[in-house]
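Asks: Structure incoming, see below.
The values are calculated or read from the model by the stated rules, or taken from the named source; none is laboratory data. Since this is a predicted model, take the numbers as computed values, not measurements. Counting neighbours? That spans all protein chains shown, and the Cβs are built from the backbone with ideal geometry, glycine included. To get the accessible areas, we keep the full protein, side chains included, count just its heavy atoms, and leave off ligands, DNA and RNA. Shrake-Rupley method; radii C 1.70, N 1.55, O 1.52, S 1.80 Å.
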Amino acid sequence: IYTRFMTELFDSAYQSKPPIIDGLLYRGTYLFAGSPKIGKSFLMAQLAYHVSTGTNLWGFDVRQGKVLYLALEDNYPRLQKRLYRMFGTAENENLFFSVSAHQLGNGLDEQLDGFLQKHPDTSLVIIDTLQKVREVGGENYSYANDYQIITKLKSFTDSHNICMLVVHHTRKQTADDKFDMISGTNGLLGAADGAFILSKDKRTSNNATLEVSGRDQQDQRVYLKKNTETLVWELDKIETELWKAPPEPLLDRIAERVTADNPQWCGTPTELCEYLAVDIKPNAITQKLNVNVNRLMDEHKIAYHYKRTHEGRRITLTYEGGVSKRDGCDSDCGVRETPTQLTRTDTH
């Protein structure tokens, strides 16, 4: 068994994958479940449209990317009418539809891989519905079989660094935990990166609740209301406010020194402690930055790179929030590659 001890973990900088919709939808494989005819496909079209155009959704920032929507329970005339009613005739060459696809284990992987090769900037694939792509024999609803189905999809999404939303149904029986209402066994949710549950108190109501749970995001409850004219889901309120990390003085100090006017700094961990005038041990500052590498970029637009060279250990901090006014430091410090995983604690 390959192992790493705790200190080694802190000696590695792990770059996170940028979300599709900040605070709501991340890269990975997600289930989107709800009872039949509740409005799932309308919400899928809405998500697909907002991601493909990069427009804000319910106050959540959206990162633009191409979208493939497998609307396997629809036809093109129905899609045309739905999209026209929701969005009018706005041009959009980043949103692709198909009403047919092969099954898992029988060509679906090859179809999706072929699309992604032609459109490498795709960030979201929607499969509507899971039942349409279940491989032959997949109707055997055992935990192992359900887990294997989602694991296959997750392996594909992870290898291509995309998000996949898989539409599914909920069972009729109610449950205290709405995620227990997902049709099938717990193997589906157990293998997925997260799930969304769309529900209504009354089928005839225009109000709905969207429950969100996942590995990479905070659990949330979002209250929606359907616009009766456009059939777009509009935000009523969000019950759970997003958790915010407490301030990290080290990151703020770096942001004061690495700016558009001073866009790059290079040196050893010891030199960085002196440059920032902070009372932190050199090995501790690298561990702090390894843990907070993504936060430093998200909050301050500063890229952090750490590598070993023949001269010793080198840190490069680069401001990426705008046009730099000078080129930065000497070329021997210009580390532009993905951070390497270290195997022991820095002792400088």
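Asks: Spot the failing condition for Glu256; the list is (1) exposed (fewer than 13 other Cβ atoms within 10 Å of the Cβ); (2) of a type outside the set (Gly, Ala, Ser); (3) under 27 Å from Leu57 (Cα atoms), and only one is missed.
Replies: All conditions pass for Glu256, except number (3).
Asks: With the requirement that a residue be surrounded by fewer than 21 Cβ atoms within 10 Å (Cβ to Cβ) and not in a helix (DSSP H, G or I), what does the range 181-192 give you?
Replies: Within the range 181-192, Ser183, Thr185, Asn186 qualify.
Conditions tested, residue by residue: (1) out of contact with any Gly (no Cβ under 9 Å at 6 or more places or on another chain); (2) of a type in the set (Gly, Ala, Ser).
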site: Thr89; (1), (2): yes, no
site: Asn94; (1), (2): no, no
site: Gly107; (1), (2): yes, yes
site: Arg134; (1), (2): yes, no
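Asks: Here is a follow-up. Just checking, does the range 293-315 include any residue being part of a loop (DSSP other than H, G, I, E, B), modelled with pLDDT of 90 or more and either open to solvent by 50 Å² or more (accessible area, probe 1.4 Å) or under 17 Å from Pro263 (Cα atoms) (or both)?
Replies: yes
Asks: Applying the selection to the range 196-232, what residues are touching a helix residue (DSSP H, G or I) at 6+ places or on another chain (Cβ under 6 Å), assigned to a loop (DSSP other than H, G, I, E, B) and either open to solvent by less than 30 Å² (accessible area, probe 1.4 Å) or not polar (S, T, N, Q) (or both)?
Replies: Leu231, Val232, listed by residue number.
Asks: Is it the case that Lys132 is assigned to a helix (DSSP H, G or I), open to solvent by 40 Å² or more (accessible area, probe 1.4 Å) and more than 12 Å from Thr29 (Cβ to Cβ)?
Replies: Yes; evaluated as a whole, the condition is true for this residue.
Asks: Scan Arg215, Arg171 and give me the residue that is of a type in the set (Lys, Arg), modelled with pLDDT under 90 and over 20 Å from the mean Cα position of the chain (by Cα).
Replies: Criteria check complete, one pass: Arg171.
Asks: If I go through the range 79-113 residue by residue, how many of them are of a type in the set (Gly, Ala, Ser) and touching a helix residue (DSSP H, G or I) at 6+ places or on another chain (Cβ under 7 Å)?
Replies: So the count comes out to 1.
Asks: Would it be correct to say that Leu289 is open to solvent by less than 30 Å² (accessible area, probe 1.4 Å), modelled with pLDDT of 50 or more and either closer than 25 Å to Pro249 by Cβ or in contact with a Lys or Arg (Cβ under 6 Å, 6 or more places away or on another chain) (or both)?
Replies: yes
Asks: Among Ala45, Ala13, Ala33, which is part of a strand (DSSP E or B) and either touching a helix residue (DSSP H, G or I) at 6+ places or on another chain (Cβ under 9 Å) or more than 16 Å from Leu95 (Cα to Cα) (or both)?
Replies: Exactly one of Ala45, Ala13, Ala33 is part of a strand (DSSP E or B) and either touching a helix residue (DSSP H, G or I) at 6+ places or on another chain (Cβ under 9 Å) or more than 16 Å from Leu95 (Cα to Cα) (or both), namely Ala33.
Asks: Can you tell me how many residues in the range 139-150 are open to solvent by 60 Å² or more (accessible area, probe 1.4 Å) and assigned to a helix (DSSP H, G or I)? Write out each step before concluding.
Replies: Residues of the range 139-150 open to solvent by 60 Å² or more (accessible area, probe 1.4 Å): 139-141, 143-144, 147-148.
After this cut, where a residue has to be assigned to a helix (DSSP H, G or I) as well, the list is 143-144, 147-148.
Selection size over the range 139-150: 4.
Asks: When the range 65-97 is examined, which residues are found to be in contact with a strand residue (DSSP E or B) (Cβ under 8 Å, 6 or more places away or on another chain) and of a type outside the set (A, V, I, L, M)?
Replies: Gly65, Lys66, Tyr69, Glu73, Asp74, Tyr76, Asn94, Phe96, Phe97
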